[in-house]
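Scroll down for the structure; my scribbles are underneath it.
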């Protein structure tokens, strides 16, 4: 007979399986903080992706096992070796992807907790023996807390406190002049359909620099697409801005976002990095629903045109589609106007 939930007492060991992506891994951190605070004797091991480990992998009191997906099948062999001879009381299988489910096969645990069947895509339910309770419409971060709730831990600690090296903070401080206020714009998401327009970003930068006397910085990763979008914004701007796209590590990016007074971003990992350091985030959402994937502590600041874009694209209301449905058309983000974004920025700055 399989062990029952909730647990009668804190487990000795928990293995968390969440490989990616950056935003989702930041959502796992409060779950880790909650376990650490309320079950201090429980050992925590987190299997995490290589890129994501460079952001969260130095949290004190947590063992990290890095899964390098670029190694393909060899990554599974690496994980098997790393876990050989080990077992855990509980596996929290917090990712619905076939790669993650295959990785879970190497985690020996009598309690294998995954998503409810409606959310356990890619057959994840076949790899688990317990499921979190079904909730139809829920933010991703709240869904992660369902895992600890299923174990019997009802407390929720919204704490991140990601370590930032002094060298990263020194980099951020050296990038700006004194104590001037900074607007950070992270313009690019992983999918182009989630990006706002070059003209919109440029108009925002010009307004921030010219009307509000803010320093403006562009941030982002090293991909060619991100660099190209940043270059186009910079060229379209009439004002001067600092382009750091592709020029920071994740810890340096976190420090830059921490230094900023406000961050503007579409549905992308750095928006959630802003949440971890307490920077107000103006999320730009039309292609996806911010109530599911928006910056958790800044939903009031978010430009939410999802319902409008969904209606235009599909002719349906939000409550008529599956939770998490994205608007795939390139026109969705074009519904966001510069006036909407400026209004949110003015409300934050006062």
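Residue 339 - would you say it is outside any strand (DSSP E or B) and under 14 Å from the mean Cα position of the chain (by Cα)? Answer is no for this residue. For the range 27-56, the set of residues classified as surrounded by fewer than 19 Cβ atoms within 10 Å (Cβ to Cβ), closer than 23 Å to residue 156 by Cα and in contact with a helix residue (DSSP H, G or I) (Cβ under 9 Å, 6 or more places away or on another chain) consists of 38, 42, listed by residue number.
Of all residues in the range 153-160, at least one satisfies being over 22 Å from residue 23 (Cβ atoms), under 23 Å from the mean Cα position of the chain (by Cα) and surrounded by fewer than 19 Cβ atoms within 10 Å (Cβ to Cβ). Just one residue in the set 189, 203, 184 is touching a residue at least 24 places away in the same chain (Cβ under 8 Å), under 22 Å from residue 304 (Cα atoms) and in a strand (DSSP E or B); that residue is 184. Please determine, by comparing only the residues of the range 211-223 that are out of contact with any helix residue (DSSP H, G or I) (no Cβ under 8 Å at 6 or more places or on another chain) and under 23 Å from residue 178 (Cα atoms), which one is surrounded by the most Cβ atoms within 10 Å (Cβ to Cβ). By that ranking, first place goes to 211. Taking the range 110-150 as the range and being farther than 30 Å from residue 250 by Cβ, touching a residue at least 60 places away in the same chain (Cβ under 8 Å) and either surrounded by 16 or more Cβ atoms within 10 Å (Cβ to Cβ) or touching a strand residue (DSSP E or B) at 6+ places or on another chain (Cβ under 7 Å) (or both) as the test, the residues that pass are 111, 129, 130, 150.
Restricted to the range 133-148, and to residues there that are out of contact with any helix residue (DSSP H, G or I) (no Cβ under 8 Å at 6 or more places or on another chain) and in a loop (DSSP other than H, G, I, E, B), the residue that is nearest to residue 5 (Cα to Cα) is 134. Applying the condition of being within 21 Å of the chain's Cα centre (by Cα) and over 26 Å from residue 297 (Cα atoms) to the range 91-102 and asking which residue is surrounded by the most Cβ atoms within 10 Å (Cβ to Cβ) yields 100. Somewhere in the range 110-132, is a residue assigned by TED's automatic domain parsing to the domain that holds residue 45, more than 18 Å from residue 146 (Cβ to Cβ), part of a loop (DSSP other than H, G, I, E, B) and modelled with pLDDT of 95 or more? Within the range 110-132, one or more residues are assigned by TED's automatic domain parsing to the domain that holds residue 45, more than 18 Å from residue 146 (Cβ to Cβ), part of a loop (DSSP other than H, G, I, E, B) and modelled with pLDDT of 95 or more. For residue 290, the requirement of being at pLDDT 95 or above, crowded, with 24+ Cβ neighbours inside 10 Å, closer than 25 Å to residue 350 by Cα and outside the structural domain of residue 141 (by TED's automatic domain parsing) is not met.
Restricting attention to the range 256-268, the residues that are assigned to a helix (DSSP H, G or I) and crowded, with 24+ Cβ neighbours inside 10 Å total 2. Only one of the numbered conditions (1) assigned to a loop (DSSP other than H, G, I, E, B); (2) more than 17 Å from residue 108 (Cα to Cα); (3) free of Cβ contacts under 8 Å to residues at least 24 places away in the same chain is not met by residue 66, and that is (1).
Exactly one residue out of 85, 41 is on the phi > 0 side of the Ramachandran plot and not in a helix (DSSP H, G or I): that is 85. Is there a residue in the range 224-233 that is surrounded by 18 or more Cβ atoms within 10 Å (Cβ to Cβ), touching a helix residue (DSSP H, G or I) at 6+ places or on another chain (Cβ under 6 Å) and touching a residue at least 40 places away in the same chain (Cβ under 8 Å)? Yes: one or more hits.
A residue that is within 22 Å of residue 21 (Cβ to Cβ) and either assigned to a helix (DSSP H, G or I) or over 18 Å from the mean Cα position of the chain (by Cα) (or both) occurs nowhere in the range 307-318.
Per this entry, residue 187 is not counted among residues that are farther than 28 Å from residue 293 by Cβ, under 23 Å from the mean Cα position of the chain (by Cα) and at pLDDT 95 or above.
Scanning the range 94-109 for residues that are in contact with a strand residue (DSSP E or B) (Cβ under 9 Å, 6 or more places away or on another chain), under 21 Å from residue 32 (Cβ atoms) and touching a residue at least 40 places away in the same chain (Cβ under 8 Å) yields 94, 95, 100, 103, 104, 107, 109.
The values are calculated or read from the model by the stated rules, or taken from the named source; none is laboratory data. Since the structure is predicted, the reported quantities are computational estimates derived from the model, not experimental observations. Neighbour counts run over all protein chains shown; Cβ positions are idealised from the backbone, glycine included.
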